[in-house]
1. Determine the pairs where a residue that is among the basic types (Lys, Arg), located within segment 1-27, has a partner that is open to solvent by 50 Å² or more (accessible area, probe 1.4 Å) and modelled with pLDDT of 95 or more with Cβ atoms under 9 Å apart, the partner being 6 or more residues away or on another chain.
2. For residues that are closer than 14 Å to Ile40 by Cβ, open to solvent by less than 50 Å² (accessible area, probe 1.4 Å) and out of contact with any helix residue (DSSP H, G or I) (no Cβ under 6 Å at 6 or more places or on another chain), tally how many sit in segment 11-28.
3. Filter segment 43-64 down to the residues that are open to solvent by less than 70 Å² (accessible area, probe 1.4 Å), hydrophobic (A, V, I, L, M, F, W, C) and out of contact with any Leu (no Cβ under 9 Å at 6 or more places or on another chain) and list them by number.
4. Mind checking which residues of segment 28-49 are polar (S, T, N, Q) and either in contact (Cβ under 8 Å) with a residue 12 or more places away in the chain or closer than 20 Å to Ile6 by Cβ (or both)?
5. Search segment 50-64 for residues that are closer than 20 Å to Asp2 by Cβ and pair each with any residue that is surrounded by 10 or more Cβ atoms within 10 Å (Cβ to Cβ) when their beta-carbon atoms are under 8 Å apart and the residues are at least 6 apart or on different chains.
6. From (1) open to solvent by 70 Å² or more (accessible area, probe 1.4 Å); (2) under 20 Å from the mean Cα position of the chain (by Cα), pick out the condition that doesn't hold for Thr36.
Amino acid sequence: MDVSLILKIAGVGVLVSVVVAILNKSGRDEQAMLITVAGILVVMVMLVEEIGMLFESVQSVFGF
């Protein structure tokens, strides 16, 4: 894991927060909630890939 993953997650967070703030100010609360959920899902997909690589590394170290 390197710093680029942390920067990607932070970028998604900043982007989502700006879009949600704009949508909330314009009265579109339901769409803001959907954007929030979509942002969480994007971050989870990025983390699932990293966790998969971690499990592969553990498997190769212990020889399962």
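1. Here the result reads none, with nothing in segment 1-27 linked to a residue that is open to solvent by 50 Å² or more (accessible area, probe 1.4 Å) and modelled with pLDDT of 95 or more.
2. 1
3. Those that are open to solvent by less than 70 Å² (accessible area, probe 1.4 Å), hydrophobic (A, V, I, L, M, F, W, C) and out of contact with any Leu (no Cβ under 9 Å at 6 or more places or on another chain): Val43, Val58.
4. Result: Thr36, single match.
5. Within 8 Å, the pairs are Glu50/Leu5.
6. Unmet for Thr36, out of (1) open to solvent by 70 Å² or more (accessible area, probe 1.4 Å); (2) under 20 Å from the mean Cα position of the chain (by Cα): (1).
The values are calculated or read from the model by the stated rules, or taken from the named source; none is laboratory data. What you see is a predicted model; the values in this text were computed from it and never measured. Heads up, the Cβs are rebuilt from the backbone with ideal geometry, glycines too, and the neighbour counts pull from every protein chain shown. Heads up: the accessible areas ignore ligands, DNA and RNA and are worked out on the full protein's heavy atoms, side chains in. Shrake-Rupley method; radii C 1.70, N 1.55, O 1.52, S 1.80 Å.
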